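Note sheet for the following structure.
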Amino acid sequence: MIKGITFIRPVDSPAHFNELVSFFSALGFEPGRGWDEPPPREGAASKGRPFLAPLGNLEFVDGTLPTLNTDLLIEVTALDALHQVARRWLETNADAARTSITSIEDTHWKSRLFAVQPVPGFTVAFWEHQEPLCGKPIALEGDLSAEAISFAIVVARWNAVITDRLLQGALDCLLRSGARRDRIEIVRVPGSWEIPAAARQLAETHRFDALITLGCLIRGETAHYEAIYNEVARGIGQSQQDTGVPHAFGVLTCETLEQALDRAGLKNGNKGFEAAAAAIEMASLHRKIAATPAEQPA
Ligand code: DLZ
């Protein structure tokens, strides 16, 4: 069974190796398992740092080739955001005289593209289909760019030592994903019980593309824990379904305060950050589904 495609790119110096690793990391590539080989009896040590992409593609072309002078073509979503990251990386990390980046241009295959040379002698081009459904995979997915998306965050004050951390995590995710601070509204409510009502009122204004709900229920300290939890979860879900506005669920349900701390940035990630990432993706997906034309009957 075919499993994947590996494209090996030799580099001409350790400095360029490090620069390429830094550049591809900055663009958000998932790192693969690297390797370091000690020098053989004669010769130098060697090392490899793979970068993974969800899909690989080997393409044979007969006829007009894409008019590109590039070593590598990488298909992306959110091309403009990537262009900015690449430009910023070049400004801060690279020798301007020996590297380059083009502006984004249309191609003859209904796409947009830019090319960048992060180290001398290696050019990589990034491209994006103009129509979201073009290209593979066929699946429609939300992007993780929060540019031009409006958010409301509903955060409970009860267990503020936890919910403040969830809020910081959510803001960190939104701002690092390109959201504008003036398009994020934070609403505080007394406890988790009050989250659904506030969320619904906010969603019904249709001023927000997505909501993020943050709270913390601790079993040992909460009377009628199950009843409250079920009602909060049901209320948030129902608000989402009735209004059609994505609501990310960031209400922790924990046995102890220690467990809650672990999920609010200590040992098990920050569930506020994760809820914000889900909100971004769902807001983006919502737009894409709305913009997808209905299929014409054959
Ligand atoms: C009353 C209460 C209790 C006992 N525990 C929690 C909790 O662990 N987490 C939380 O967010 N809120 C709690 N509350 C407050 C209720 O959510 C609600 O704010 C009050 O009952 C007032 O309606």
Completion exercise
With the chain reduced to its Cα atoms and the Debye formula applied, log10 I(q)/I(0) at q = 0.09, 0.10, 0.16 1/Å amounts to -0.60, -0.72, -1.23
Handout entry: Percent of beta bridges antiparallel (DSSP, the chain, rounded to nearest 5)
Key = 45
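Using a 1.4 Å probe on the protein heavy atoms, what percent of the accessible area of the range 151-291 belongs to carbon and sulfur?
Working: 3550 of 6830 Å².
So the carbon and sulfur contribution to the accessible surface is 52 percent.
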Practice task
Please give the solvent-accessible surface of residue 173 in Å², to the nearest 10, using a probe radius of 1.4 Å with every protein chain present.
Solution key: 10
Completion exercise
Stretched fully, the stretch from residue 262 through residue 230 gains (0.36 nm per residue minus C-alpha distance, one decimal, in nm) 9.3 nm
Handout entry: Accessible heavy-atom area order of 263, 287, highest first, probe of 1.4 Å
Key = 287, 263
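Tell me, what is the percent relative contact order of the range 150-244, built from C-alpha pairs under 8 Å that lie six or more residues apart?
On the way: 125 pairs, mean separation 38.4, N = 95.
So the answer I get is 40 percent.
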Handout entry: Charge sum, other residues only, whose C-beta stays under 12 Å from residue 197's C-beta, Lys/Arg counted +1 and Asp/Glu -1
Key = -2
Problem - Rounded to the nearest 10 Å², the accessible area of residue 204 at probe 1.4 Å - result: 100
Practice task
Keeping every protein chain in place, order 267, 110, 288, 47 by accessible area at 1.4 Å, biggest value first, i.e. largest first.
Solution key: 267, 110, 47, 288
Handout entry: Computed over the chain: relative contact order in percent, which uses C-alpha pairs under 8 Å that are six or more apart
Key = 15
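Hey, can you find the accessible area per residue of the range 151-291 for me, probe 1.4 Å, expressed in square angstrom? Don't skip to the end; give the middle numbers.
Details: 6830 Å² over 141 residues.
Value for the range 151-291: 48 Å² per residue.
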Fill in the blank from the handout: Charge dipole of the range 151-291 built from unit charges on the beta carbon (Lys, Arg +1; Asp, Glu -1), centred at mean Cα; most positive-end Cα among 224, 190, 275 is 275
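Counting other Cβ atoms within 10 Å, keep those with at most 15, restrict to DSSP loop, and tell me which chymotrypsin sites (Phe, Trp or Tyr not before Pro) in the range 34-103 are left.
60
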Fill in the blank from the handout: Taking the alpha-carbon centre of each part, the distance from the range 236-282 to the range 120-198 in Å is 12
Practice task
Keeping the other protein chains in place, figure out the carbon and sulfur percent of the accessible area of the range 1-127, with a 1.4 Å probe.
Solution key: 53
Problem - Positive-pole candidate from 53, 104, 24, dipole of the chain, charges at beta carbon - result: 24
Completion exercise
Summed over the other residues with a beta carbon less than 14 angstrom from that of residue 88, with K and R at +1 and D and E at -1, the charge totals 0
Practice task
Run the 1.4 Å probe and let me know the accessible area of residue 188, rounded to the nearest 10 Å².
Solution key: 110
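Could you give the size of the charge dipole of the chain about its Cα centre, using +1 on the Cβ of each K and R and -1 on the Cβ of each D and E, expressed in debye and rounded to the nearest 20? Don't jump to the answer; show the numbers that get you there.
On the way: 28 positive and 37 negative charges, 81 e Å.
The dipole magnitude comes to about 400 debye.
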Exercise for the section: For every helix of n ≥ 4 consecutive DSSP H residues, a contribution of -39,500 (n - 2.57) applies; sum these over the chain, divide by its total residues, and give [θ] at 222 nm rounded to the nearest 500 deg cm²/dmol. Expected result: -11000 deg cm²/dmol
Handout entry: For the range 14-129, accessible area per residue (1.4 Å probe, heavy atoms of protein chains only), Å²
Key = 65
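The values are calculated or read from the model by the stated rules, or taken from the named source; none is laboratory data. Since the structure is predicted, the reported quantities are computational estimates derived from the model, not experimental observations. Backbone-built Cβ (ideal geometry, glycine too); neighbour counts: all protein chains shown. We work out accessible area using only protein heavy atoms, side chains counted, and drop any ligands, DNA or RNA first. Shrake-Rupley method; radii C 1.70, N 1.55, O 1.52, S 1.80 Å.
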